[in-house]
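For reference, the structure discussed in these notes is given below.
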Amino acid sequence: MITQSCKDSLDMISVNDFRGLERIPAVMNELGYEVGDEHGQGPVVSKQRRIIVANQLPIRGYRNEGTKGWFFEFDKDSLVLQLKDGFPANTEVWYVGMLKVDVEKEDQEEVAQLMFHKFRCVPVFLTVDQKNKFYHGFCKHYLWPLFHYMLPLSPSHGGVRFDKSLWEGYIVANQLFANKVAEILWPDKDSVWVHDYHLMVLPSILRNRYTRVKLGFFLHSPFPSSEIYRTIPVREQILRSLLNCDLIGFHTFDYARHFLSCCSRLLGIDYQCKRGYIGLDYCGKTINIKILPVGIHMGQLESDLNMEQTATLAKQLKEKFEGKVVMVGVDDLDMFKGISLKFSAMGRLLEMHPELIGSVVLVQIANPARSRGKDVQEVRLETSVIAQQINNKYGKEGYEPIVFINDPLSALEKAAYYAISECCVVNAVRDGMNLVSYKYTVCRQGSPVLDKALGINESDQRKSFLIVSEFIGCSPSLSGAYRVNPWDVNAVADAMYVGIHMKDEEKHLRHEKHYNYISSHDVAFWARSFDQDLDRACKEHHLKRYYNVGFGLNFRAAAVGKNFRMLTVETVVAAYNNTNSRLILLDYDGTMKPKSAVDKTPRNEVISILNCLCSDPKNIVFIVSGRGRDPLSKWFSPCEKLGISAEHGYFTRWTRDSQWETCSVAMDCDWKKTVEPVMEVYTATTDGSFIEHKESALVWHYQDADPDFGGCQAKELLDHLESVLANEPVVVKRGRQIVEVKPQGVSKGVVVEDLISSMRSKGKSPDFLFCIGDDRSDEDMFESIARLFDNPSLPPIAEVFACTVGHKPSKAKYYLDDTPDVIELLQGLATASVGPKVTHTLEEDI
């Protein structure tokens, strides 16, 4: 039921009552702030606040042509208004969006004042040209068809093709939305929830301004498969913008799966499931993915059903269709709702079962189209022609098989039609969610007032029957519905026949199952669940520092620990010059050589730097790599005093001319006879994969395979190998696009411990330790260093620099951005060792 406070807020208010208001001040009590004092203290938030940003405000408005005054009220049917029921009781909800009516420029300031003070709404006003480019252009005629799987193959079919001017208009509109959010946002306290495809670049704009804002996004339309999405020229900008959110929501797993696939294929970002939650590791943060279909407002719909007007309308309709089975459909008049296919199925039903002529009626209610253009006119003409043809063929005096209602109906009128219909047909060829079936089910549950009007006893079984398209968002949650392929007209006609003749007991069971789900998963449940997950996703904001990376829509905020900082040459050189026993550990691939390089041989300049470092008697320098000892020996043969630890420490030598030492792990590779045939099977069935043979390990690579299939095969291979190697002294690890099998007890972390132990045994306990690497195997080194540093029983190391390459979560305390920075730092150390600058060109080195 609607509360009295809600009814009060729906009262009509005139803008004329606010003619004398001044401009909104920068800090206002209405925002929930306590205004700062004269000493310049900023505003303090006094209550919880949520800022809901959507294309349209939940406001109805009209202008009195006589008085020229504007009148506004809350639109109780608006989803963004209804979702506030899911927030905590003391929450203050603000709305940012466009009004559904056009307001002249001279009235905009006064209307904005009214919206702000009485409705907690901040309107976004666009010029006619801006709105045409943003909404009617890029949103409705480019994104919307494409997100519904319709490619613009020709100008006459599938919407408009990508137009840079429309894209720029889309960005401008999103920037205007961001400006309005900024007027009311308290970034460290407020939560911002952005809705739908109209505002997909808004997250980047907001995150660029406020790095710690709690930011969620929910997509109400489908998200297309990667094959469709990849046709968008600005595909990466949109993805990166969405990834600036803390939480991204979708109605179904299919939509989320397509989004995750696009992130993998286009950005190389893979997702992980952690204790029931799906997350993407991106720039040091976990971007959470939420899958939960939206619900309806139970209280509002039940209130409508208890109104005498609804009961009267339902009684009249029951009398009008007395003796007939009524099927109902309610759809927007657009090309994806499948209305013409539904009409064709009705015709096929009567053709196959002529005995039903005169006893079954399909009532189709058409909501006004949300866009304008040639496609809307074509849909209107096509549906009208098909309905007329079927009515002419099977109709007779007093009977029309298809009752096509083109005039807009109120919520009460639709509820009345739902209440008297035996079956509801939702036949969309593609739709994000579609709540028609939910509303129909609740209306069939009835109410005391409605039951009385329709002559239904309280003890009577409630029954309903749903025919639902496979391609709409609500289909997975309605397990008792009769699912159909809307393109198969015969199958839809058969479903209609089943619905007409199904026994009441089975209809009751199906209805009861649906009603229990719908009533417990209403809009408040949906909003509350999203709000709680958003809060959970942001709980570590204050524990991290943020760095802005990239420009424009490629911007992202990289998150790092508060003690995680960039390593400067000056800092390391100063410590280097004050120490006498130094250990320098260097990863190679991705650290001293870019991973993208085809030729992995080190440049002459790198060899020169290493020789300078090795020539200092105070230094012990090691290359610690996962590569085999043969290529490393060949590449670094000019470095006489360089130590090498190959295959993650399985083989180690201290200088070029010293013997290779094998780690203490027993050299028993009989397990390879088991592993290699298994890997060969997966290589043969996974195009682009290959096996790397090492002396101590076998590695299956799939970086050149299809990302989705390769990842799936890697998981299967991991499970397979773990099963067959359960009793072998090896470990199976999955790394970045690899699956590796190697002996237990072999890791770069053990290398660090052994080298330090060996130095101490020779009386050269290190007082300077520099360790740098870029990938997961290097984290073992950082972890070992942290253990050694925290162990009070071991001699302390005065200067320790554990450094990772790139902005990402790491056990290291320092980072460098990329390979050129690593070379520059090593050059600084080499210069400190030998005095004159080591000559090399950085560009040539990389």
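Calculate for the chain the 222 nm mean residue ellipticity that helices alone would give, adding -39,500 (n - 2.57) per DSSP H run of length 4 or more and normalising by residue count, nearest 500 deg cm²/dmol. Before the final figure, lay out the partial values.
Numbers: 29 runs with 326 residues, N = 846.
Result for the chain, helices only: -11500 deg cm²/dmol.
When the Cα centres of segment 367-389 and segment 499-568 are compared, how far apart do they sit, in Å?
Segment 367-389 and segment 499-568 have Cα centres spaced 36 Å from each other.
Counting DSSP beta bridges in segment 200-315, what percent are antiparallel, to the nearest 5?
Working: 9 of 16 bridges.
Once the DSSP bridges in segment 200-315 are tallied, antiparallel ones form about 55 percent.
Using 0.36 nm per residue, how much length does the chain from residue 100 to residue 791 gain when fully extended, once their Cα-Cα distance is taken away? Please list the in-between numbers first.
Details: separation 691, 0.36 × 691 = 248.76 nm, distance 6.60 nm.
Using 0.36 nm per residue and subtracting the Cα-Cα distance, I get 242.2 nm.
At a 1.4 Å probe radius, carbon and sulfur cover how many percent of the accessible area of the chain? It would help to have the intermediate numbers written out before the result.
Details: 18300 of 36980 Å².
The C+S portion of the solvent-accessible surface of the chain is 49 percent.
Would you please classify the overall shape of segment 73-165 from the alpha carbon gyration tensor, given that a ≥ b ≥ c denote the square roots of the eigenvalues, rounded means a/c under 1.5, and beyond that prolate means a/b larger than b/c while oblate covers the rest?
Values: a/c = 3.54, a/b = 1.64, b/c = 2.16.
Oblate is the answer for segment 73-165, as a/c is 1.5 or above yet b/c matches or exceeds a/b.
For segment 776-817, what class follows from the C-alpha gyration tensor (a ≥ b ≥ c being the square roots of its eigenvalues): rounded when a/c is under 1.5, otherwise prolate if a/b is larger than b/c, else oblate?
Here segment 776-817 falls in the prolate category.
Given labels modelled 7 Å from the Cα in the Cβ direction, how far is it in nm from residue 562 to residue 716?
4.8 nm
So if R0 is 45 Å, what FRET efficiency would residue 703 and residue 501 give, r being the distance between their Cβ atoms, rounded to the nearest 0.05?
0.20
With contacts defined as alpha carbon pairs under 8 Å and 6 or more residues apart, what's the relative contact order of segment 674-743 in percent? The partial results should precede the final answer.
Numbers: 97 pairs, mean separation 21.7, N = 70.
Result for segment 674-743 is 31 percent.
Any chance you could run the full-extension gain for residue 532 through residue 319? It's 0.36 nm times the residue separation minus the Cα-Cα distance, nm to one decimal. Walk me through the numbers on the way to the answer.
Values: separation 213, 0.36 × 213 = 76.68 nm, distance 4.77 nm.
Net length gain for the segment: 71.9 nm.
Working with all protein chains in place, sort 736, 528, 49 by solvent-accessible area computed with a 1.4 Å probe, largest first. It would help to have the intermediate numbers written out before the result.
On the way: 736 165, 528 95, 49 0 Å².
Sorted by accessible area, descending: 736, 528, 49.
For the chain, what are the per-bin percents of Cα-Cα distances with bins 20 Å wide, up to the bin holding the maximum?
For the chain, the pair-distance distribution reads 13, 36, 30, 17, 4, 0.
Taking the solvent-accessible surface of protein heavy atoms with a 1.4 Å probe, what is the per residue accessible area of the chain in Å²? Write down the numbers at each step before the final one.
Values: 36980 Å² over 846 residues.
I get 44 Å² per residue for the chain.
Rounded to the nearest whole Å³, what is the per residue volume of the convex hull around the Cα atoms of segment 49-291?
Numbers: hull volume 34.4 nm³, N = 243.
For segment 49-291, the hull spanned by Cα atoms encloses 141 Å³ per residue.
Measure nothing fancy, just the Cα-based angle from helix 604-615's long axis to the longest principal axis of the chain, in degrees from 0 to 90, nearest 10.
Computed tilt is about 50 degrees.
Which order do peptides 799-812, 198-211 fall in by mean Cβ count within 10 Å, highest first?
The peptides rank, most packed first, as 198-211, 799-812.
Applying 1/(1 + (r/R0)^6) with R0 = 41 Å to the Cβ-Cβ distance of residue 456 and residue 161, what FRET efficiency is obtained, to the nearest 0.05?
Working: r = 54 Å, r/R0 = 1.31.
Computed FRET efficiency for residue 456 and residue 161: 0.15.
Helix 339-352: angle to the longest alpha-carbon principal axis of the chain, degrees 0 to 90, nearest 10?
60 degrees
Want the number for residue 517 to residue 235: 0.36 nm per residue separation, take away the alpha-carbon distance, what's left? Mind showing how you got there, number by number?
On the way: separation 282, 0.36 × 282 = 101.52 nm, distance 3.64 nm.
So the chain would gain 97.9 nm between residue 517 and residue 235.
For residue 396, what is the net charge nearby, where nearby means another residue's Cβ is under 15 Å from its Cβ and Lys, Arg count +1, Asp, Glu -1? Before the final figure, lay out each step's value.
Details: positive: 324, 393; negative: 355, 397, 400.
Computed value for this residue: -1.
Simple spin-label model, 7 Å along Cα-to-Cβ: residue 129 to residue 676 in nm?
Reported label-point gap for residue 129 and residue 676 is 7.1 nm.
Contact order normalised by length for the chain, with contacts defined as Cα pairs under 8 Å and 6 or more residues apart; what percent is it? Don't skip to the end; give the middle numbers.
Values: 1529 pairs, mean separation 80.6, N = 846.
It rounds to 10 percent for the chain.
Along each principal axis of its Cα atoms, how long is segment 674-743 end to end? Whole angstroms, biggest number first, please.
Extents along the principal axes, in whole Å: 32, 23, 21.
Enter the angle in degrees (range 0 to 90, nearest 10) between the Cα long axis of helix 523-537 and the first principal axis of the Cα atoms of the chain, meaning the one along which they spread out most.
10 degrees
Would you please give the FRET efficiency between residue 630 and residue 798, computed as 1/(1 + (r/R0)^6) with r the Cβ-Cβ distance and R0 = 35 Å, to the nearest 0.05? Display every interim value, and only then the final one.
Numbers: r = 37 Å, r/R0 = 1.06.
It comes out at approximately 0.40.
Roughly speaking, what is the centre-to-centre gap between segment 258-327 and segment 610-637 when only Cα atoms are used, to the nearest Å?
So the separation of the two Cα centres works out to 59 Å.
Report, in whole Å, the centroid distance computed from the Cα atoms of segment 142-201 and segment 78-129.
18 Å
Determine the percent antiparallel among the DSSP beta bridges restricted to the chain, to the nearest 5. Write out the running numbers ahead of the final one.
Details: 45 of 116 bridges.
So the antiparallel bridges in the chain amount to around 40 percent.
Aspartates and glutamates near residue 337 by alpha-carbon distance under 12 Å, same-chain residues fewer than 8 away left out - which ones?
Residue 337 reaches 431.
Antiparallel versus total DSSP beta bridges in segment 605-703: what percent is that, nearest 5? Intermediate values should be presented prior to the final figure.
Numbers: 9 of 12 bridges.
Approximately 75 percent, going by the DSSP bridge assignments.
May I ask for the equivalent-ellipsoid semi-axes of segment 226-310, computed as the square root of five times each C-alpha gyration tensor eigenvalue and listed largest first in whole Å? Can you show the working numbers first?
Values: eigenvalues 244, 53, 24 Å².
Calculated on Cα positions only, the semi-axes equal 35, 16, 11 Å.
Please report Rg (one decimal) and Dmax (integer) in Å for the Cα set of segment 298-521.
16.4, 51
The values are calculated or read from the model by the stated rules, or taken from the named source; none is laboratory data. Only a predicted model underlies this, so the values are computations on that prediction, with no experimental measurement involved. Heads up, the Cβs are rebuilt from the backbone with ideal geometry, glycines too, and the neighbour counts pull from every protein chain shown. These area figures cover heavy atoms from the full protein model, side chains too; ligands, DNA and RNA do not enter into them. Shrake-Rupley method; radii C 1.70, N 1.55, O 1.52, S 1.80 Å.
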